[in-house]
Amino acid sequence: MRRLSLLLLAALVIALPLSLLAGRVWIAPWAEPVPNATAILMELRLPRGLLAMVIGAGLGGAGAAMQGYLRNPLADPGLFGIAPGAALGAVMALFLGLAAIPFVLPAFALIGAGGAMALLAIIAGRTGGIALFTLAGLMIASLAGTLTSLAISLSPNPFSTSEIVTWLMGALTDRSWTDLWIAAPLTLAGLVVLWRTGPSLDALTLGEQAAVSLGVEAKRLQWWIVLGIGLVIGAGVAVAGIIGFVGLMVPHLVRPFTDRRPSTLIVPSALAGGLLVLVADTVCRALPMAIELRLGIALSLLGAPFFLALLLRLRRELA
Amino acid sequence: MLSVRDVVVKRAGRTVVEGASLALERGELTAICGPNGAGKSSLLAVLAGLLPAASGEVMLDDRQVPAIPAREKARLIGFLPQQADVAWDISVETLVALGRLPWRSVPGRPARASRDADRHAIASAMTAMELEALALRPVSQISGGEKARAAMGRVLAGEPEWILADEPLANLDLSHQQALAASLKGQADAGRGVVVVMHDLAAAMNHAGRVIVIDKGRVVADGAPEQALSREVIETVWQVPCQWLGEAGARALAMGQSVA
């Protein structure tokens with residue numbers, strides 16, 4: 001397990017500097033010197049690359065924890081309604097025209113994530129049961145989605161509509177060091193929380209009742225999961241919008257290389273998620289298109305067929 | 001001693017255990033028998049501290065079971081649920097090792113000693129359940145009976161003082177049923193308290209030191225197998241005409257109109 005993590009870490013260390021070379025203009029030591037190369041590298045590409053790693057790590061780690069908690073390989077961190085809640089918060093900032101003020105959009109997104117978490121806790125937090133909790137999450141996700149649509153339909157002018165719609169697609173274009181400073185500590189804190197739930201998630205492998213008999217405190221575990229997912233997903237949506245499928249795909253790709261216990265999956269999934277989003281974002285940036293392909297769209301294009309293949313495989317296994 | 005006094009258990013508003021009082025001893029294999037829906041699993045879950053009692057007391061020695069911290073309770077009472085439901089395709093050895101979870105980072109235990117104890121406990125549980133040859137096999141690739149043994153191995157790996165198992169003999173073929181029953185008896189002889197829900201009355205008759213029969217949430221018989229599972233009790237509770245055949249320790253239950 002440790003070897004897998006080291007391997008992924010090494011891949012990240014190699015991929016990050018390489019990713020800095022790619023873009024609308026290629027910057028390479030052996031190529032012709034580019035004007036403002038230092039500024040492009042230090043102010044645009046480095047924070048963007050690091051942010052891609054942070055967002056991807058959060059999504060990968062959160063996906064692994066979610067799948068472990070729900071005991072379901074099709075679970076995604078978006079299921080609890082925290083991502084749609086955060087998106088609703090960000091959309092409100094755009095709707096009210098406050099997004100230009102520094103920190104307001106991410107703050108609104110984090111408030112939205114916090115609201116979704118509080119709602120989850122109020123509806124489902126009494127018993128610690130997982131089924132009710134999942135249903136509550138789905139309800140919150142659909143409520144937040146509906147309110148987001150409402151905001152779009154009521155938006156004061158076409159410009160703000162397009163701003164909201166574009167933002168919802170998720171991207172890392174023009175992100176700065178500030179965004180990194182917002183997302184990185186929250187994501188790291190969330191990942192530590194999720195990592196610490198590992199042994200409890202392992203116990204859940206045997207079902208809820210067996211897990212409790214192994215000393216898992218269901219209610220407390222639920223709180224930690226909500227907190228961890230909330231920090232990671234809230235921070236991610238706050239700076240990058242909604243980026244789907246990473247949390248679903250990455251744990252699947254990593255699982256065969258582990259002993260399949262959820263606890264051994266969280267760290268490698270975080271590293272692999274960072275790698276996937278970094279590579280995907282670099283490809284988006286380097287593609288010769290008039291308008292840059294949005295990262296969220298690119299990953300969904302990759303993720304939907306993956307999801308389908310996964311469903312077909314599960315169907316075959318069940319048959 | 002693991003005991004309940006005047007315990008009432010409600011599930012979804014329905015009373016499933018009505019005022020049960022029992023005291024179970026270490027060193028004994030106790031079977032809980034009863035018809036479907038009699039409240040056997042609920043009683044077992046209450047004894048394990050997994051289901052709250054609506055009223056009454058559940059005690060382990062001189063402590064209230066619900067008040068024992070979760071991890072400590074898990075080290076004292078090992079519980080085997082009815083279904084061996086494994087979410088991920090882990091190996092048999094990994095599954096058995098999950099039984100050590102309550103022992104991780106126990107205050108005052110050095111890490112090395114703890115690792116050695118884990119390894120030893122896992123190895124002896126694998127041996128006891130004859131799982132060595134299956135150690136690396138994923139659980140999706142073993143039979144139902146092998147899965148039942150692996151699940152029992154997981155409980156044994158936790159080295160609990162009490163083993164509470166909900167129908168561990170179901171799904172096992174005759175020889176493994178016999179072997180597991182003997183192994184449970186061995187655990188009891190080694191000083192552990194073993195409480196097992198059993199559907200197979202002959203298995204209870206032949207292996208248990210004590211049988212508790214419950215019907216409609218009430219304890220209707222409690223004692224040595226010959227008394228608690230007498231023909232009269234079985235005919236009253238299960239309403240099946242029957243007769244015990246064979247010698248003590250190797251009895252079979254004949255059922256049907258013609259035996260009456």
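The values are calculated or read from the model by the stated rules, or taken from the named source; none is laboratory data. The structure displayed is predicted, hence computed values, not measured ones. Note that we place each Cβ from the backbone using ideal geometry, even for glycine, and neighbour counts take in every protein chain shown.
List of remarks:
- Residue in region B:69-80 that is over 28 Å from residue B:115 (Cβ atoms) and in a loop (DSSP other than H, G, I, E, B) present: no
- Scanning region B:1-45 for residues that are touching a residue at least 40 places away in the same chain (Cβ under 8 Å), surrounded by fewer than 19 Cβ atoms within 10 Å (Cβ to Cβ) and assigned to a loop (DSSP other than H, G, I, E, B) returns B:1, B:25, B:26, B:27, B:28, B:35.
- One residue from A:300, A:269 being within 14 Å of chain B (Cβ to nearest Cβ) and either among the aliphatic types (A, V, I, L, M) or in contact (Cβ under 8 Å) with a residue 12 or more places away in the chain (or both): A:269
- Per the conditions (1) more than 14 Å from every other protein chain (Cβ to nearest Cβ); (2) modelled with pLDDT of 95 or more, the sole criterion not satisfied by residue B:183 is (2).
- As for region A:91-102, it holds at least one residue that is surrounded by 17 or more Cβ atoms within 10 Å (Cβ to Cβ), more than 21 Å from residue A:270 (Cβ to Cβ), in contact (Cβ under 8 Å) with a residue 12 or more places away in the chain and aromatic (Phe, Trp, Tyr).
So that you can scan it fast, the table gives a plain yes or no per residue for (1) in contact with a Pro (Cβ under 6 Å, 6 or more places away or on another chain); (2) in a helix (DSSP H, G or I); (3) facing another protein chain (nearest Cβ under 9 Å):
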| position | (1), (2), (3) |
| --- | --- |
| A:210 | yes, yes, yes |
| A:216 | no, no, yes |
| A:222 | no, yes, no |
| A:225 | no, yes, no |
| A:228 | no, yes, no |
| A:235 | no, yes, no |
| A:250 | no, yes, no |
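- Here residue A:178 fulfils each of the conditions (1) at pLDDT 90 or above; (2) within 14 Å of another protein chain (Cβ to nearest Cβ) apart from (2).
- Residue ID - farthest from residue A:187 (Cα to Cα), chosen from residues in region A:206-240 that are surrounded by fewer than 24 Cβ atoms within 10 Å (Cβ to Cβ) and not hydrophobic (A, V, I, L, M, F, W, C): A:209
- Residue check for residue A:123: farther than 14 Å from residue A:86 by Cα, part of a helix (DSSP H, G or I) and among the aliphatic types (A, V, I, L, M): yes
- Within the option set A:213, A:269, A:300, being within 21 Å of the chain's Cα centre (by Cα), among the small types (Gly, Ala, Ser) and modelled with pLDDT of 90 or more holds for one residue only, A:269.
- Some residue of region B:132-143 being crowded, with 22+ Cβ neighbours inside 10 Å and away from every other protein chain (no Cβ under 14 Å): yes
- Listed conditions (1) free of Cβ contacts under 8 Å to residues at least 40 places away in the same chain; (2) of a type outside the set (A, V, I, L, M); (3) in contact with a helix residue (DSSP H, G or I) (Cβ under 6 Å, 6 or more places away or on another chain); (4) not in a helix (DSSP H, G or I) are all met by residue B:109, apart from (3).
- Complete set of residues in region A:1-32 that are among the β-branched types (Val, Ile, Thr) and assigned to a loop (DSSP other than H, G, I, E, B): A:25, A:27
- Qualifying position, being out of contact with any helix residue (DSSP H, G or I) (no Cβ under 6 Å at 6 or more places or on another chain) and assigned to a helix (DSSP H, G or I), among A:271, A:302, A:276: A:302
- Filtered by the rule that a residue be at the interface with another protein chain (Cβ under 10 Å from one of its Cβ atoms), of a type in the set (A, V, I, L, M, F, W, C) and without any contact (Cβ under 8 Å) to a residue 40 or more places away in the chain, region B:46-78 gives B:50, B:70.
- Check on residue A:247, touching a residue at least 40 places away in the same chain (Cβ under 8 Å), under 20 Å from the mean Cα position of the chain (by Cα) and closer than 15 Å to residue A:53 by Cα: yes
- Any hit, region B:124-143, residues being under 23 Å from residue B:7 (Cβ atoms) and part of a loop (DSSP other than H, G, I, E, B): no
- Considered as a group, the residues in region B:54-68 that are not in a strand (DSSP E or B) and not aliphatic (A, V, I, L, M) include one that is surrounded by the fewest Cβ atoms within 10 Å (Cβ to Cβ), and that residue is B:62.
- Hits in region B:148-179 - residues which are without any contact (Cβ under 8 Å) to a residue 24 or more places away in the chain and either aliphatic (A, V, I, L, M) or touching a strand residue (DSSP E or B) at 6+ places or on another chain (Cβ under 6 Å) (or both): B:174
- Odd one out for residue B:18, checked against (1) more than 21 Å from residue B:199 (Cα to Cα); (2) of a type in the set (D, E, K, R); (3) at pLDDT 90 or above: (1)
- Whichever residue in region A:193-206 is without any contact (Cβ under 8 Å) to a residue 60 or more places away in the chain and either assigned to a loop (DSSP other than H, G, I, E, B) or among the aliphatic types (A, V, I, L, M) (or both) and, among such residues, is farthest from the other protein chains (Cβ to nearest Cβ): A:193
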